[in-house]
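K.L.:
Questions regarding the structure given below will be posed in turn.
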Amino acid sequence: MFSYTIPVWVQSLFPSVTWKVKTTRPVVYLTFDDGPHPEITPWVLEQLQTYNAKATFFCVGDNVHKFPQTYRQVLEAGHRTGNHTYHHLKGWKTPVDIYLEDIRLCSEKVDSDLFRPPYGKITPAQINQLKSRFQVVMWDIMTFDFDVSIIPAKALSIILPRIRAGSVIVFHDSEKAERNMKVMLPQLLEFCKQKGYTFETL
């Protein structure tokens, strides 16, 4: 069973972390993890431009190093970027000092005060070290586009009715997610447009 949304009781355990944005305006926050990718990220940018949508891209430092032109495309299109570690580390399995150093390395490539932990896995000790320098961003809606076992239409039937003002929605501009994301993103953009939502950066 996929948990497309994060229960309120889980969110309450980490009050210093951003799960969604408190707002009454009809705005949602699209985010993309694990890029940039030289072919997939430009496709995402085209979709966003079609809907006059802005988004936040949580970038892996090593990918920014490999594909600096693609990273510049994201910024030049008016989107925002965030730190996603340099090597896509899993916080639960990484000592605090090594984790923080990997984030520092990513900061040399990604100038941002936003941070999202890969896999959403981060310890309280790591959060405490980071929260003075970063806004630690999680989500309230996960698309699971990276999971090859999901059926996009079924996933959307669960996700779309749960979108609310201030929702932070996660997609991935990665090879693993490409097939599902290319089906789901245009439909989600169209749904939100029809409901009167706009898309802003965090």
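K.L.:
Which condition number in (1) open to solvent by less than 70 Å² (accessible area, probe 1.4 Å); (2) within 14 Å of Ser174 (Cβ to Cβ) is the one that Val21 fails?
P.N.:
Every listed condition holds for Val21 apart from (2).
K.L.:
Among the hydrophobic types (A, V, I, L, M, F, W, C) and either part of a loop (DSSP other than H, G, I, E, B) or open to solvent by 70 Å² or more (accessible area, probe 1.4 Å) (or both), is that true of Leu45?
P.N.:
no
K.L.:
Are there any pairs with C-beta distances below 8 angstrom linking a residue in the range 67-87 that is free of Cβ contacts under 8 Å to residues at least 60 places away in the same chain and under 15 Å from His172 (Cα atoms) to a residue that is among the basic types (Lys, Arg) and in a loop (DSSP other than H, G, I, E, B), with the two at least 6 apart or on different chains, and if so which?
P.N.:
Sorted first by the residue in the range 67-87, then by its partner, the pairs are Tyr71/Lys109; Asn83/Arg116; His84/Arg116.
K.L.:
Related question: (1) within 13 Å of Cys59 (Cα to Cα); (2) more than 19 Å from the chain's Cα centre (by Cα); (3) among the basic types (Lys, Arg): which one isn't true of Lys109, the others all being true?
P.N.:
For Lys109, the failing item is (2).
K.L.:
Right, next: Taking the range 130-158 as the region of interest, how many residues are in contact with a helix residue (DSSP H, G or I) (Cβ under 7 Å, 6 or more places away or on another chain) and among the acidic types (Asp, Glu)?
P.N.:
Total meeting the criteria: 1.
K.L.:
Being within 18 Å of the chain's Cα centre (by Cα), farther than 12 Å from His172 by Cβ and in a loop (DSSP other than H, G, I, E, B) is the filter here, so list the residues in the range 140-153 that pass it.
P.N.:
Asp140 - this is the single residue of the range 140-153 that is within 18 Å of the chain's Cα centre (by Cα), farther than 12 Å from His172 by Cβ and in a loop (DSSP other than H, G, I, E, B).
K.L.:
Oh, and also: May I ask you to say which residue of Leu185, Leu156, Leu160, Leu105 is of a type in the set (A, V, I, L, M), in a helix (DSSP H, G or I), open to solvent by less than 20 Å² (accessible area, probe 1.4 Å) and free of Cβ contacts under 8 Å to residues at least 60 places away in the same chain?
P.N.:
Details: Leu185 fails: free of Cβ contacts under 8 Å to residues at least 60 places away in the same chain; Leu160 fails: open to solvent by less than 20 Å² (accessible area, probe 1.4 Å); Leu105 fails: open to solvent by less than 20 Å² (accessible area, probe 1.4 Å).
The unique qualifying residue is Leu156.
K.L.:
Gly120 fails exactly one of the following numbered conditions: (1) touching a strand residue (DSSP E or B) at 6+ places or on another chain (Cβ under 9 Å); (2) of a type outside the set (A, V, I, L, M); (3) modelled with pLDDT of 95 or more. What is the number of that condition?
P.N.:
For Gly120, the failing item is (3).
K.L.:
Here is a follow-up. Quick one: is Ser157 of a type in the set (S, T, N, Q) and over 18 Å from the mean Cα position of the chain (by Cα)? Write out each step before concluding.
P.N.:
Working: of a type in the set (S, T, N, Q): yes; over 18 Å from the mean Cα position of the chain (by Cα): yes.
Yes.
K.L.:
Based on what the data block shows, is Gln69 open to solvent by 70 Å² or more (accessible area, probe 1.4 Å) and at pLDDT 95 or above?
P.N.:
Yes.
K.L.:
What's the total number of residues in the range 108-136 that are in a helix (DSSP H, G or I), open to solvent by 80 Å² or more (accessible area, probe 1.4 Å) and among the polar types (S, T, N, Q)?
P.N.:
Of the residues in that region, 2 qualify.
K.L.:
Scan the range 163-182 residue by residue and report those that are farther than 14 Å from Tyr51 by Cβ and either β-branched (Val, Ile, Thr) or not in a loop (DSSP other than H, G, I, E, B) (or both).
P.N.:
Ile163, Val168, Val170, His172, Glu178, Arg179, Asn180, Met181, Lys182 - these are the residues of the range 163-182 that are farther than 14 Å from Tyr51 by Cβ and either β-branched (Val, Ile, Thr) or not in a loop (DSSP other than H, G, I, E, B) (or both).
The values are calculated or read from the model by the stated rules, or taken from the named source; none is laboratory data. What you see is a predicted model, and the numbers here were worked out from it, not measured in a lab. Glycine gets a Cβ as well: all are built from the backbone with ideal geometry, and neighbour counts include every protein chain shown. In case anyone asks, the SASA skips ligands and DNA or RNA and just uses the protein heavy atoms, side chains included. Shrake-Rupley method; radii C 1.70, N 1.55, O 1.52, S 1.80 Å.
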